[in-house]
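Visitor: One structure, pasted below without further comment.
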Amino acid sequence: MLRHPNYLAVILEMACLPLAWGMWRLALLFTAGNAVILALRIRDEERALGPDWARSFAGKGRFVP
């Protein structure tokens, strides 16, 4: 079980879609920008979900099981 399975899909999509058309620079830009946004968003979401959620998902990976 993952803590953020949807975000894993978004990460892959942001990296792979530009690569499908050979736009590796855009893929790097999207991936870097997405990493910054997700770092902030996930931190805030996990804090908002509270201690019960944190205990339930303790030891579970965010993106990799």
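Visitor: I'd like the full set of residues that are surrounded by 12 or more Cβ atoms within 10 Å (Cβ to Cβ), of a type in the set (A, V, I, L, M) and either assigned to a helix (DSSP H, G or I) or in contact (Cβ under 8 Å) with a residue 24 or more places away in the chain (or both), limited to segment 13-34.
Guide: Correct list: Met14, Ala15, Leu17, Leu19, Leu26, Ala27, Leu28, Leu29.
Visitor: Go through segment 1-12 and count every residue that is open to solvent by less than 90 Å² (accessible area, probe 1.4 Å) and in a helix (DSSP H, G or I).
Guide: Result for segment 1-12: 6.
Visitor: May I ask you to verify whether Arg55 is of a type in the set (D, E, K, R), open to solvent by 80 Å² or more (accessible area, probe 1.4 Å) and part of a helix (DSSP H, G or I)? Steps first, answer last, please.
Guide: Values: of a type in the set (D, E, K, R): yes; open to solvent by 80 Å² or more (accessible area, probe 1.4 Å): yes; part of a helix (DSSP H, G or I): yes.
So Arg55 passes the test.
The values are calculated or read from the model by the stated rules, or taken from the named source; none is laboratory data. These numbers were taken from a predicted model, which means no experiment stands behind them. Glycine gets a Cβ as well: all are built from the backbone with ideal geometry, and neighbour counts include every protein chain shown. Ligands, DNA and RNA are excluded from the accessible area calculation, which covers all protein heavy atoms including side chains. Shrake-Rupley method; radii C 1.70, N 1.55, O 1.52, S 1.80 Å.
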